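See structure below.
The values are calculated or read from the model by the stated rules, or taken from the named source; none is laboratory data. The shown structure was predicted, so the numbers you read here are calculated from the model rather than taken from an experiment. Because the Cβ atoms are built from the backbone with ideal geometry, glycine has one as well, and the counts that use them run over all protein chains shown. Remember, those area values only see protein heavy atoms, side chains included, never the ligands or the DNA or RNA. Shrake-Rupley method; radii C 1.70, N 1.55, O 1.52, S 1.80 Å.
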Amino acid sequence: MVTKQHLLRQLPAISVILEQEAIKKLTGSFSHQVISDTAGEVVQGIREAILEEGEFTHPIDLDSIVSLMVNRLQEKAKPKLKKVINATGIILHTNLGRAVLAQSAVKAIEDIAANYSNLELDLTTGERGTRYSHVEELVCSLTGAEAALVVNNNAGAVLLVLSTLAKDKEVIVSRGQLVEIGGSFRIPDVMTQSGAALVEVGTTNKTHLRDYEQAMTDQTSLLLKVHTSNYKIIGFTAEVPISDLVKLGREKNIPVYEDLGSGVLVDFVKYGVIHEPTVRESIGAGADVVTCSGDKLFGGPQAGIIVGRADLISKMKKNPLTRALRIDKLTLAAMEATLRLYIDEDRAIREIPTLRMITMDGELISASAKRLAADINKQCGSGIKATVEDGYSQVGGGALPEENIPTCLVAISTSDISVNALEESLRQMDPPVLARIQKERLLIDPRTLLAGDSEIIINHLKKIFEI
Ligand SMILES: *Cc1c(COP(=O)(O)O)cnc(C)c1O
């Protein structure tokens, strides 16, 4: 019997591995450091396996080690963050990167990334300008607000607003609105970070105007309304409308702040789909400050949009936190391009993927589903059967939990492998395909597929079923 010590002694030295022709050839694509680190990792891996296993059976000859190394280096060269195909029908899927950008936004990022820009230069005077100026006017004209500021994300926006307007003071908020957004972002925790003291009023299901009124003290600095975008309290409920909060705030000279979560700039009701308060409605109702996300229903890049009274926004701009939360130039480029699409609402609906998917015509989805199902049945062999059925898509992204949008699904059943195995295989292909499983069938929702995705799915299926 070969002892473990004997096996360990057989392992080649790193220097010997590095001398191999196959490894030397890699020096064109990998630095010496990476190659020798990888050799070390591979040998160490084998050493640990020898010491662990009862009976070690892996080959440890030089050729096997070299080929392990080549594989590992090729793995290292592959991107970890990559495109995936979203067949889930969840339009703003947090795990899949939320909003997909419009083409013009992608183009703007490319332009600004690859060139110098007037990021902080006023081209008229030749003097120093601010990065915020490029989008402020647009945001204001699209929301009806007096002033605007964009930051890194909406969590940052909430932090900045509270830190600027309520540090060391009290903020009144309804118990029904103390939300956790996900990724452990909780409104009460952000308050603590901002230095504001939270005064909770009302109960989980009902809060009345008088609850706010009774909680007001000379320390009150803000009345806060948080849009409960990721859950819904239904049944015996009462929430104070923003217009009533505004009335109370005006009476007592206390600003009213609404965190809308999703940044909606078009009235979706017109398109017969969902109802979600727009930023303009909130500003129109008299909110002094409103914040929302850039990459939820707004359909742009990750950002936080703050709009409201000029004097309050001006204070925020002077807060040192603004520098820590500042929006980067690529995001700003995408933000501006996305905002420009909203100048013409029809164009926004057509070109911003999030809006296009939400308002997508049922007939169109049905036709795509039928086409995809027919192609699968025709091209992917007898181990798989696709049918079309009615179902629901979701807006997602911590937005509109209740809003299911009717859709048409392609339901795939398999005979050779389990549906779980099929889901896993699709998820591990390149590009990965993410789909839902329901009742032993894999569901593909054409609503969230982008151009060319159907063809890729069919090719993947052919590979999996070896057609
Ligand atoms: C999503 C959300 C946030 C956080 O926004 P991010 O852009 O993810 O930082 C804050 N408040 C509400 C109400 C939200 O829905």
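Descriptive notes on the structure:
- Of the listed residues Arg427, Arg350, the order by accessible area with a 1.4 Å probe, largest first, is Arg350, Arg427.
- Here the Karplus relation 6.51 cos²θ - 1.76 cosθ + 1.60, evaluated at θ = phi - 60°, turns the backbone of segment 138-147 into coupling constants of 4, 4, 5, 5, 7, 10, x, 7, 6, 8 Hz, with x for every Gly and Pro.
- Paramagnetic reach from Lys78 in segment 413-435 [backbone N under 14 Å; point 7 Å along Cα→Cβ]: 425-433
- Phi angles across segment 31-41 convert, under the Karplus curve 6.51 cos²θ - 1.76 cosθ + 1.60 with θ = phi - 60°, into 3J(HN,Hα) values of 6, 4, 4, 5, 5, 6, 4, 5, 4, x, 4 Hz, Gly and Pro given as x.
- Each stretch of four or more DSSP H residues adds -39500 (n - 2.57); spread over every residue of the chain, this sum gives -12500 deg cm²/dmol at 222 nm.
- Carbon + sulfur, % of accessible area of segment 4-77 - ligands and nucleic acids excluded, 1.4 Å: 51
- Unit Cα scatterers, Debye sum, the chain: log10 I(q)/I(0) for q = 0.10, 0.12, 0.13 Å⁻¹: -0.89, -1.07, -1.14
- Nearby aspartates and glutamates by direct alpha-carbon distance to Lys80 (threshold 14 angstrom, same-chain neighbours under 8 apart not counted): Asp430
- Magnitude of the charge dipole, the chain, Cβ model with Lys/Arg +1 and Asp/Glu -1, debye to 20: 240
- For segment 66-76, Karplus couplings with θ = phi - 60° (6.51, -1.76, 1.60), whole Hz, Gly/Pro x: 4, 6, 4, 5, 4, 4, 5, 5, 5, 4, 4
- Distance between the C-alpha centres of segment 232-274 and segment 440-454: 35 Å, rounded to the whole angstrom.
- Per residue, the solvent-accessible area of segment 4-77 (1.4 Å probe, heavy atoms of protein chains only, all protein chains present) comes to 62 Å².
- Selection from Gly54, Asn71, Thr27 lying farthest towards where the dipole of segment 4-77 points positive, charges on Cβ: Thr27
- Percent antiparallel among DSSP beta bridges (both partners in segment 123-276, rounded to 5): 10
- Hydrodynamic radius of segment 1-103 by the Kirkwood approach over all distinct alpha-carbon pairs: 16.6 Å.
- With 10 Å bins from 0: P(r) over segment 72-160, alpha-carbon pairs, percent: 12, 26, 36, 19, 7, 1
- Multiplying the residue separation of Ala49 and Gln5 by 0.36 nm and removing their Cα-Cα distance gives an extension gain of 14.6 nm.
- Where both bridge residues fall in the chain, DSSP classifies roughly 60% of the beta bridges as antiparallel.
- Ranked packing of 272-282, 106-116, 140-150, most packed first, by mean Cβ within 10 Å: 140-150, 272-282, 106-116
- Electrostatic dipole magnitude of segment 103-351 [Cβ: Lys, Arg +1; Asp, Glu -1; Cα centre; debye, to 20]: 300
- Accessible surface of segment 223-377, 1.4 Å probe, proportion on carbon and sulfur as whole %: 51
- Summarising the overall dimensions of segment 103-351 from its C-alpha atoms, the Rg and Dmax are 18.2, 60 angstrom.
- Accessible-area order (highest first, 1.4 angstrom probe) of the listed residues Tyr392, Tyr342: Tyr392, Tyr342
- Aspartates and glutamates with Cα under 18 Å of Lys439, excluding same-chain neighbours fewer than 8 positions away: Glu389, Asp390, Asp416, Glu423, Glu424
- Separation of segment 13-80 and segment 81-140, taken as the distance between their Cα centroids, equals 41 angstrom.
- In the context of the full set of protein chains, residues of segment 103-351 present 46 Å² of accessible surface per residue (probe radius 1.4 Å, heavy atoms only).
- Cross-link pairs exceeding 28 Å in C-alpha to C-alpha distance, out of Lys25/Lys463; Lys270/Lys329; Lys24/Lys76; Lys225/Lys317; Lys24/Lys78, comprise Lys25/Lys463; Lys270/Lys329.
- Measuring with a 1.4 angstrom probe and ignoring ligands and nucleic acids, Glu21 comes out at about 120 Å² accessible.
- Each Cα pair under 8 Å and six or more residues apart adds its sequence gap; the mean of these over the residue count of segment 90-158 is a relative contact order of 13 percent.
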